Structures are given as C-alpha cells and as structure tokens.
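Student: I have a structure here, written as structure tokens, and I will follow up with some questions on it.
The values are calculated or read from the model by the stated rules, or taken from the named source; none is laboratory data. What you see is a predicted model, and the numbers here were worked out from it, not measured in a lab. Virtual Cβ from ideal backbone geometry, glycine too; neighbours counted across all protein chains shown. Please note that ligands, DNA and RNA were not included when accessible areas were found on the heavy atoms of the full protein model with its side chains. Shrake-Rupley method; radii C 1.70, N 1.55, O 1.52, S 1.80 Å.
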Amino acid sequence: MSAPITFTGLSTDQNFNEIIDALVSARRTSRIGPLEDWKQAWQTKLETISNIDSVLSAFYSTVRSMDRISEFLVRTASSSNTGILTASANSEALVGSHSIVVNQLAQAETEVHQGIQNSIQYHSGVDDQTLSINDSGTDKTFVYEYDGTVRSITVANGDTLQDLMNSINNDADNPGVTAKIVTYGGKDHLVLVESTPSGSASVVIDPNGDMTLDGTDSTVDFTTSTFVETINASGSDKIFEFQYGSNTPVQVTISTGATLEDLCNLINNANSGVTASILSDGGSGSAARHLVVSGKDTGADYSITLNPTGATTLDGNNDTEDFSDGTFTETVSAQNAQIRVDGYPSSGWIERSTNHITDVITGVTLDLLDADSTETVTVTVGTDKEAIIQKVEEFKDAFNNVRSAIKEATFFNSDTGESGSLLGNYALQIIKTRLDSLLSSSAPGFRDPDDPYINLQQLGFHTDVEEGSQTEGLLLLDTSQLSAALDSNPDAVAKVFSVYFEGITNDDQITFQSSLDTATCGIYDLEIDTDNERGRFRLQGSDWGDWIDLEGSSGDYYLTGISGPERGIALHITYLSGTGTHSAELRLKNGIVTEMSRQLEKLLSSSGPLEVLTEHYNDIIENIDERIDEEEERLQAYEERLRMQYARLDAYIGRMTQLSNYLAAYSQQLANS
C-alpha cells in the first residue's frame, strides 16, 4: 500500500481526509459488509454443526457402553459367609442360588532351608599371598569374634597372608575357627570357617571396630567391609538345582564368594516361576537366616523339586553351605482348591488350581478365602435392576440431547420469521430420520410372539407429543413399566436393547453358527437343496439371493453367505445328501441399542453427513475469504485514486487562492494610486 496522502494548509475550509474516509467506508459497507455477513452466517452454521457433532459423539459414547448384553445386563452375587468366599457375577449368570462347600484352598508350595550351618567369612583378596600385608613398620592387629570370644591376632611388619592364616590357626586360644587361603578370580582370599559347623554361632570380623590392619599406614584392609559371609568358599563354581512343576530343571551357578543374597538373585533372575527370599527367624547364630523358595502359582501341578537330577554341588562339602534337598522343609504344599457345588460331587471334590474360580458356575466368579468342610455357603445371583434403569436413563438423556440440539438448529417461528441456522438442512434430516426410525421400530430379527419384547415402547419409552410442553418432542421413560419388565424377564429386556448378532432357526437340522457384522439383521427365508448341494437366503421383503454351494459333506454341510444382506452368516446343515429341498427360517437379531451404535459409527465417520457438510461449508467460507481479499484490493485502489484526485483539487484551489489574493492586492494598489 502506498503512503497515505494528507492535506495540510488547505486553501479552503474543506477537510478532504474526512470526505475520502467517508467515501471508502461507504464503499466498504456496500461491497465487503455483505460478504462478511455472509461469512458469519456460514460460520454460525459450522458452530451449530460442531455442537451437534459433540452431543452426537457423547450419545455414541453412552451407547457404546451398553451395546452388548455383557455391558447392559448387570448381575449381582452375594455370599452368606464372606469369610469363606466372596462372589461376583456377569451377564451370563442365571438368577438363582447355589450352595458351596470349600474343603481346601489352592496353595503355592513353599520350601524353607534349615539355615546357614557354616558361618564362612570370605575376604575380597590380595594379589599374592606371599607378599607383605603390613609395611607400616610396626605391628598391627587382625580382630575377629566367634561364639562370644574375641581374638586379636598380631600381624608383624612384613607378614604375608600366609603368615596371618598360620597365626590364626596356631593361636592357642582359637575359639574354633579355621583360616584358609582360597585362590579364585586371580586373587588369593583369606577364608575363616567354623572348625565344627553348628549353626548356633557366627564368625564376626572386627566386632568392635578397633582392628588396625585397616588399609591405612601401608597395610591391606581386612576390616568388616572387605569380607562377606559366603555360601561357597571352595575355590570353584557350584550348582544349585531345582524344578518347578513339570518344567525343565533349572541349574544356577554359584561362584566362589557368593552370598545367600546372591543365590536369591540368581533364582529370581532365572524366571522359572519360583521366587526366593531370605527369612530371619530372630536367632543369634548363622542358622537364623533361611533361604525360602516359593512357587508363583497355586495348584497341585506346581510343586517344587530340589536337586531333581542330583546336579546340586552346593552340598556342604569343600567349605560350601549344604543346599541339597534334605536340608529343606516343605512348609506349604502345592495343592488345588477343592469345592462342592450344589451337592456335586456327592463324594469327592471339584478341583481347581486357583482360588479365583470362574468356570464352575456360568457367569459367576468365586474367590475362596478360607476352607471349612462343615460350612455350607449360599451364593445368591440376582439382577441389579437399579443399575440397569440408570443405564437406560443415561441412554434416554443422551438421546434427548441430540434431539434438542437438532430441534434448536432447525426451528422456525411462523410469527416472527426467526429460524435456526440449519433449518431444512439435509444432513440433520438424515441423522434425525435414522435415529428416530431405530427408536420407533422393532428390533431387527425380533418378532411377536416369539420374543417377549420387540421394541422400546413395550419397555416404557414414548415421545412427548403434547404441544407447548417443556419436554415436547423429547423421549420420555416410564420407569415403573421398565421396572416391571425387568422383574418379569430381565434377560428378554437385555436382548431387545443389546443382543449382538444372535441367530435362531426353526429347524434343528439347519442351525445358526455365527455371523460377521457385515450381515444385515432381520428375518430370512432359507432353502437348502441337498440334491444339488446348494443353499440360498432371502431377507424377508427382498428377493432371493444367489445359490451358494454347500461346503463339507453329507450330513455335515456348511453354508456361508457371500454377498448381499446375508454376507457373513454361517449355518450348519445336518441333512443328508439327496433328501430334497428343505425350507427354514432364520432370525438374525440385534438389539436396538446395538443397531444404534452401528448407525452412529457411520454417522460420525469421516464419510458421515456432518463431516461432509463441514468440509462443504469450509469450502464456502474459503471462497468468501477470497472474494473479501479481492474487494479489499479494489477498495485500496479506490482509496488511492480518491486521494490523488483530491490532491490535484487541493493544488488547483491553492493556485486559484493565490491568484485571487494577487488580484485583490493589485486592485487595492490601483485604488491607492
């Protein structure tokens, strides 16, 4: 845009800037104003569509939470003795009661080691056992305690590891400790073991913290931090072997210098199903620490076998702790849970490997907590009517939100002429028609009197048609009617709402197997021609589909719909070949909420009417923006032309003013002369 032209020192009283601004504003109002109003109208339509999309999406979320019987039908289960077992139920459970006796709980096996019998202290090592460990120039002390006796061993200047070992062993007051040197991992290690392992005492290094062979003053450090209590001081690797259930035996390798904690970690890291831990029983000797191995799984199949192939070499020999199978006690046995249900079996028990039992009573989960073969527990299964009514209320409210949004967007007031921003919009008509049709129609595949309920009107739904009512046009629910239906037949109520592709035929030799969601639910006529081994479908009200070849063999045929409304329906036929043509009927059923869910998925998809309409309206707004930009360019050019014209006019008036002033002065001069 060029720099604005301003007018200063005008020769007239006219303000040309105000004139130009007024002219430009008038043209803007007449040329761009209508375009901006038009754009705003389309933006209002888009905002309305966005609002409807939001309430429709919220309705879809509500529908999705109840479009299967397992989500809609809420069962309850209670136990007469929650100290022995608790119970829960899903939609597959049948209303009624069951007697349960718990004889024993499922357990995971636990094996506890006898405890560390040989307290073995293992030093971190020196490079050479023949080199000095004390170059301080003075005597130092090595201190240990065993069975309450503290011994301080003098280590003279220049003494080696061998000298220290000999000094310990030759100590006249040695309380029962033997010193050894073990070479392992490129180092020589001082080892202190019990001369006679008992488990009642422990070797303790530097018990009072006053050892002077402590790594300072040119000495090797032999304080507590440089020792570990090891389970293997043999100088070679050892094996600990175990087996979990019928799995392959596991062998873990225990290096020299390994601790009880190291053994625990090795077992746990084997990921075998066995966990290891350390139990301290509060005693004072080394035997107070016990290795505990437990199975992760309950059940008799998950026993723990120690040293199953005899490969364990961590057996108490050669300065190792004994972890052979005879040193463990089975404190908890691997066993199955045992229950009796409704008196069955009359002798013996139903066994399961877990206390969380889901497959004995259909739809009922039992959680066993205690066993008492003399106590009979009653489990009662019922229907949670209040929870179901709440779900239905949520469905009604979400549906009414959609109806209200569409009603507001399409209203027309004949008195005032006012209307909603989407009055007459085809997309909203599609949505309203499809949803209303599903709500007012019978559920597909349902038929009176074969089904107790076939539509939502029988369950208390109706539309308020009272003119002027606050709820005019909205869906209403008679909860007392719904409650009575739930009392009478809750399963039938659940089906009309939320059954999913359930098939029923009227011929025991032509049975429904399954269906993909590509099929159209409804009532089909069937023809099975066994002479030509073919079959076909006809959705009632439509034409027969093409003949389809039967698969399988005589008496064991299968018919699968390939195209059309029957695509994905699979039937099993047990008629023999050559027995003629057999006619039957198939009712493929979907609940109304189930169908609503499928329809909403299409309406809200990227190819749905709202998305198509949004794209179209955005294109219109984009075109309007382009036209506004074009008009802005024209308006800018118009303003520039005006400013140039008025600049020339101003210059002309200025010249005329100068000429007038000159003539007036000249005339005055003539008059004076």
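Student: Applying a 10 Å radius around every beta-carbon, put 438-450, 283-295 in order of their mean neighbour count, most first. Please report the intermediate quantities before stating the final value.
Tutor: Working: 438-450: 16.8, 283-295: 18.8.
Answer by packing, highest mean first, reads 283-295, 438-450.
Student: Set the Förster radius R0 to 25 Å, insert the Cβ-Cβ distance between VAL465 and GLU393 as r into 1/(1 + (r/R0)^6), and round the FRET efficiency to 0.05.
Tutor: Values: r = 21 Å, r/R0 = 0.83.
Once rounded, the FRET efficiency stands at 0.75.
Student: With just the Cα atoms defining each centre, how far is the range 74-139 from the range 152-187? Give it in Å.
Tutor: First find each Cα centre; the distance between them is then 40 Å.
Student: I would also like to ask the following. Largest first, what is the accessible-area ranking of LYS396, LYS589 with a 1.4 Å probe? Walk me through the numbers on the way to the answer.
Tutor: Numbers: LYS396 35, LYS589 5 Å².
Largest accessible area first, the list is LYS396, LYS589.
Student: Subtracting the Cα-Cα distance from 0.36 nm times the residue separation, let me have the gained length for ASN672 to SER200 in nm, one decimal. Provide the component values of the computation, followed by the final result.
Tutor: Numbers: separation 472, 0.36 × 472 = 169.92 nm, distance 14.66 nm.
Full-extension gain reported as 155.3 nm.
Student: Between ILE548 and LYS602, what FRET efficiency follows from the Cβ-Cβ distance if R0 is 30 Å, with the result rounded to 0.05? Write out the running numbers ahead of the final one.
Tutor: Numbers: r = 27 Å, r/R0 = 0.91.
Computed FRET efficiency for ILE548 and LYS602: 0.65.
Student: Still on this structure, I have one more. Just to confirm the number: angle between the C-alpha axis of helix 479-488 and the first principal axis of the chain, 0 to 90 degrees, nearest 10?
Tutor: Approximately 40 degrees, to the nearest ten.
Student: Further, regarding this structure: Determine the gain in length on full extension of the stretch GLN509-ASN265; use 0.36 nm per residue of separation and subtract their C-alpha separation, reporting nm with one decimal.
Tutor: 81.7 nm
Student: Taking volume of the Cα convex hull per residue in Å³ straight from the coordinates, which label in (i) 234; (ii) 145; (iii) 423 is the correct one?
Tutor: Given (i) 234; (ii) 145; (iii) 423, the structure-derived one carries the label (iii).
Student: Beta carbons within 10 angstrom, averaged per residue: use that to sort the peptides 413-423, 336-346, 491-501, highest first.
Tutor: Details: 413-423: 11.7, 336-346: 15.8, 491-501: 22.7.
Taking the mean over residues of other Cβ atoms within 10 Å, the ranking is 491-501, 336-346, 413-423.
Student: With a cut-off of 16 Å, note down the residues of the range 492-525 whose backbone N falls inside the zone around a label point 7 Å from the Cα of LEU94 toward its beta carbon.
Tutor: Only 492 pass the distance filter.
Student: How many percent of Cα pairs in the range 210-337 exceed 25 Å? Write out the running numbers ahead of the final one.
Tutor: Details: 2740 of 8128 pairs.
Cα-Cα pairs in the range 210-337 separated by more than 25 Å: 34 percent.
Student: Any chance you could get the radius of gyration and Dmax over the Cα atoms of the range 116-239, in Å?
Tutor: 13.6, 45
Student: Ignoring ligands, DNA and RNA, what percent of the 1.4 Å accessible area of the range 135-232 is carbon and sulfur?
Tutor: On the way: 1790 of 4210 Å².
C and S fraction of accessible area: 43 percent.
Student: Sort out for me the Cα centre separation of the range 458-537 from the range 581-600, rounded to whole Å.
Tutor: 7 Å
Student: What is the distance in Å between the Cα centres of the range 217-244 and the range 193-212?
Tutor: Each part's Cα centre sits 15 Å from the other's.
Student: Cut-off under 15 Å on the C-alpha distance; same-chain residues fewer than 8 positions from LYS140 excluded. Which aspartates and glutamates are left, in chain and number order?
Tutor: By straight Cα distance, LYS140 reaches ASP159, ASP163, ASP206, ASP210, ASP214, ASP217, ASP221.
Student: Another one. Just order 88-97, 563-572 by mean Cβ neighbour count inside 10 Å, highest at the front, would you?
Tutor: Working: 88-97: 16.3, 563-572: 19.4.
Result, highest mean first: 563-572, 88-97.
Student: Roughly to the nearest percent, how much of the accessible area of the range 559-673 is carbon and sulfur, given a 1.4 Å probe?
Tutor: On the way: 3150 of 6400 Å².
Roughly 49 percent of what the probe reaches on the range 559-673 is carbon or sulfur.
Student: Which of the lysines could a cross-linker span from LYS187 if the Cα-Cα distance has to be under 22 Å and same-chain partners fewer than 8 positions apart are dropped?
Tutor: Within the straight-line limit of under 22 Å, LYS187 reaches these lysines: LYS238.
Student: Also: Could you work out the relative contact order of the range 29-143? I mean the mean sequence separation of Cα pairs under 8 Å and 6+ apart, divided by the number of residues, in percent.
Tutor: Contact order relative to length: 12 percent.
Student: Would you mind getting the accessible area per residue of the chain, heavy atoms of the protein chains only, 1.4 Å probe, in Å²?
Tutor: Working: 32860 Å² over 673 residues.
Normalised by residue count, the accessible surface of the chain is 49 Å².
Student: Give the carbon-plus-sulfur fraction of the accessible surface of the range 270-327 in %, rounded to a whole number; probe 1.4 Å, heavy atoms of protein chains only. Before the final figure, lay out each step's value.
Tutor: On the way: 1010 of 2560 Å².
Taking all protein chains in place, the range 270-327 shows 39 percent carbon and sulfur surface.
Student: Another one. Given R₀ = 60 Å, what would the calculated FRET efficiency be for SER480 paired with ASP531, taking r from the Cβ atoms and rounding to 0.05?
Tutor: Details: r = 56 Å, r/R0 = 0.94.
After rounding, the FRET efficiency stands at 0.60.
Student: Sequence neighbours fewer than 8 away in the same chain don't count; with that in mind, list the lysines whose C-alpha is under 21 Å from LYS432.
Tutor: LYS45, LYS396, LYS407, LYS602
Student: Then there is this: Within the range 156-194, name every residue whose backbone N is under 17 Å away from a label modeled 7 Å from Cα of ASP217 along the Cβ vector.
Tutor: Answer for the range 156-194: 156-160.
Student: Let me ask something else. How far, in degrees from 0 to 90, does helix 592-603 lean away from the longest principal axis of the Cα atoms of the chain, to the nearest 10?
Tutor: 70 degrees
Student: Moving to a separate point now. Mind pulling the angle between the C-alpha long axis of helix 426-440 and the longest principal axis of the chain? Nearest 10 degrees, somewhere in 0 to 90.
Tutor: 60 degrees
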